[in-house]
Amino acid sequence: MFKGGYAGKILRLNLNNLSAKEEPLPEDLVRDYLGGAGFGIKVLYEEVKQGTPALSEANKLIFSVGPLTASGAPCASRMSVVAKSPLTGAVGMALSGGQFPAEMKHAGYDMIILEGKAEKPTYVSIHDGEVRFRSAAKLVGMMTTDTQLFVKEMLGDQNYRVACIGPAGEKQVPMACIINERRAAGRKGLGAVMGSKNLKAIAILGSQKPVIADPEAFKIARNNMLRAMKESPVLYPEFSKAGTPMTLDVTTNMGIFCIKNWSETGEIDMVPTLGRAAQDTMIITRNPCYDCPVSCSQVKLVTSGPYAGWLSEGPEFETTYSLGSSVGVDYLPAVIAADRLCDEYGIDTISAGVSIAWAMELYEKGIITKKETDGLDLKFGNHEAVIEMLRRISYKEGLGELLGRGTKKAAEKIGHNSIDFAMQVKGLEMPAYDVRGAKAHGLNYATAYTGADHNRGYAFQEIFDVPVPEKVDRNAIKGKGKLTKWNQDLRAVTCDCAPMCAFLMDMAVPAVACKNTADLVNGAAGTNFTPDDIATIGERINNVAKLFNMGEGFTRKDDNFPKRILTEPIKAGASKGELISQAALDEMLDEYYDARGWDKNGIPTAAKLNELGLEKK
């Protein structure tokens with residue numbers, strides 16, 4: 001089916017016996033799942049048995065790229081990492097950019113499947129098909145930057161690209177992430193899965209260039225996309241210069257930028273201290289992903305005060321929320337330092353920050369005291385306490401060990417109705433947007449197969465007033481089920497499988513996203529996908545992920561919100577008075593399930609599965 005674009009090989013690494021095996025990439029996998037997250041979720045569903053403990057050797061960790069990775073398509077150096085999540089128990093899927101994804105394609109692989117558990121700390125080097133399992137004894141305990149530096153030195157070649165875990169991953173903290181350069185496969189605890197396999201790092205280097213099956217067709221598709229990018233009124237004039245922090249100003253104006261564990265949304269204006277203008281003053285350079293002309297990643301340096309010398313590639317919007325506004329910290333240098341520490345420890349900034357914010361609210365309500373915090377004054381705004389708690393989470397010390405499990409599991413231990421203040425869905429902490437004032441964005445949080453994840457079905461129609469497929473009222477209920485299904489399917493295939501940076505879809509090609517993907521993939525791989533084929537792949541992936549989650553016991557009751565979203569209206573600002581009542585959520589869920597061809601309980605019907613060529617295990 002494919003004549004180019006793909007490397008055509010899968011690398012299966014068995015850590016039990018330290019063996020490597022190459023397999024051909026099946027054509028039906030390409031036809032039905034395209035690449036990236038599609039490949040990973042399909043393998044997870046087929047090869048990991050129901051009920052498998054996420055941190056057992058029976059779980060699998062799957063790195064996968066797609067047909068556009070390293071092809072010359074702009075902004076396509078992306079990869080998916082998939083495993084059963086130790087944080088949620090559901091499908092764990094995270095995306096990452098940088099240089100590693102392109103190097104993986106250059107090394108000749110579309111997918112790397114990690115199985116079993118090494119007897120001793122190990123890292124793997126891969127160079128154009130030569131795979132070696134090496135001792136990581138000297139790397140144990142290292143932060144992620146030092147790990148990458150030392151691996152390159154040990155291999156004698158600075159051109160290797162390295163994906164690794166930090167201390168949090170080694171200790172199997174359920175919100176640990178995987179770091180490559182300054183990029184993270186950040187959410188759902190995939191770094192803990194890597195740590196459970198006794199794998200510290202993967203170093204990869206290759207010299208193979210993907211074959212472009214139809215250079216002329218690919219050139220036309222690429223030029224069309226580049227033209228759309230240049231014509232976007234936002235992408236280059238604004239986003240390329242500021243990156244995601246510009247969204248803080250937008251959401252503040254909408255009254256949906258979350259403050260103090262979502263308890264004071266709209267009541268405090270943090271734009272002057274944390275917004276775009278404040279962050280722009282600290283930018284020293286940019287660090288683009290491979291073959292990216294947009295270069296949205298801003299490197300910031302603190303030059304004065306108690307955090308002088310701290311540098312971070314960020315904080316981007318979500319981290320500014322989780323380690324800033326959510327914990328009541330409006331001191332940008334502290335947020336930069338906390339962001340860098342999360343990268344070095346190897347923990348997800350969103351889950352870590354939101355968990356600390358939850359603990360701060362419990363502390364101020366008297367549900368926990370200095371006895372539980374080991375003397376730490378865990379009040380909102382105490383940035384020194386945030387910095388210390390990040391360390392305790394990463395090393396599983398005291399309350400930090402409990403917070404590292406995520407707010408849902410921590411609340412089960414603490415009790416005293418603490419679950420009411422835990423801002424999570426399915427065990428995954430909620431991102432920045434206060435969805436009481438953006439209903440489709442909220443429905444995505446409630447229904448996404450990963451738990452609360454803005455990237456699975458981002459409602460750009462509500463956040464940026466983009467009238468595609470139609471203009472919407474962000475506070476309306478009707479129509480949001482159909483819209484959420486559309487957003488999730490579109491994102492799953494065009495962004496997660498191609499894979500390609502999601503920002504392009506929102507700002508450059510939203511109206512022609514499926515055609516854009518089909519044209520690029522057909523030119524690169526020699527396939528004959530139609531836009532409708534692309535859309536169907538997105539739908540198929542969301543249904544396979546649903547089947548996996550059903551096997552893990554997830555039901556309609558898990559497509560829900562924290563009590564605060566359902567019962568407490570936003571108190572001030574442009575979204576004052578807004579909430580999502582249980583009745584409103586139920587109405588949206590009914591519409592969403594109907595649009596998906598699922599029954600009232602959210603179970604895919606036999607007819608829908610047959611239509612998509614799927615069946616339950």
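Structure summary
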quantity: Filter on Lys84/Lys617; Lys408/Lys478; Lys49/Lys546 - keep pairs with C-alpha separation over 20 Å; calculated: Lys408/Lys478
quantity: Within-11-Å neighbourhood charge of Ile367 [Cβ basis; K, R +1; D, E -1]; calculated: -3
quantity: Residues of type lysines that Lys9 reaches as a straight line, Cα spacing below 22 Å, ignoring anything fewer than 8 places off in the same chain; calculated: Lys21, Lys42, Lys60, Lys105, Lys209
quantity: Trypsin sites (Lys or Arg not before Pro) lying in DSSP loop within the stretch 1-54, provided at most 10 other Cβ fall within 10 Å; calculated: Lys49
quantity: Cα gyration tensor category, rounded, prolate or oblate, for the stretch 435-611 with a/c compared to 1.5; calculated: oblate
quantity: Shape category assigned to the chain from the gyration tensor of Cα positions, a/c cut at 1.5; calculated: rounded
quantity: Cα centroid separation, the stretch 357-373 to the stretch 458-521 (Å); calculated: 40 Å
quantity: The stretch 101-133 versus the stretch 192-264: alpha-carbon centroid distance in Å; calculated: 25 Å
quantity: Environment charge of Leu205, counting only residues whose C-beta is closer than 13 Å and scoring Lys/Arg +1, Asp/Glu -1; calculated: 0
quantity: Whether the stretch 9-205 is rounded, prolate or oblate, judged on the alpha carbon gyration tensor where a/c under 1.5 counts as rounded; calculated: rounded
quantity: Computed [θ] at 222 nm, helices only, for the chain once each DSSP H run of length n ≥ 4 contributes -39500 (n - 2.57); calculated: -11500 deg cm²/dmol
quantity: In the stretch 395-474, trypsin sites (Lys or Arg not before Pro) in a DSSP loop with at most 11 other beta-carbon atoms within 10 Å; calculated: Lys471
quantity: Whole-Å distance, taken between Cα centres, linking the stretch 420-444 and the stretch 313-330; calculated: 16 Å
quantity: Cysteines in the chain that, by Cβ-Cβ distance, have no pairing candidate under 4.7 Å; calculated: Cys164, Cys177, Cys258, Cys296, Cys342, Cys495, Cys497, Cys514
quantity: Per residue convex hull volume, Cα atoms of the stretch 250-425, in Å³; calculated: 125 Å³
quantity: Bridge type composition, the chain - antiparallel percent by DSSP, nearest 5; calculated: 80 percent
quantity: Full-extension gain in nm, Thr273 to Glu57, via 0.36 nm per residue minus C-alpha separation; calculated: 73.2 nm
quantity: Cross-link partners of Lys563 among aspartates and glutamates (Cα-Cα below 19 Å; sequence separation of 8 or more within a chain); calculated: Glu264, Glu361, Glu364, Glu412, Asp420, Glu429, Asp434, Asp453, Glu578, Asp586, Glu587
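Bear in mind that the values in this text are calculations on the coordinates, not laboratory data. As the structure is a prediction and not an experimental result, all values here were calculated from the model. For neighbour counting, all protein chains shown are included, and Cβ atoms are generated from backbone atoms with ideal geometry for every residue, glycine included.
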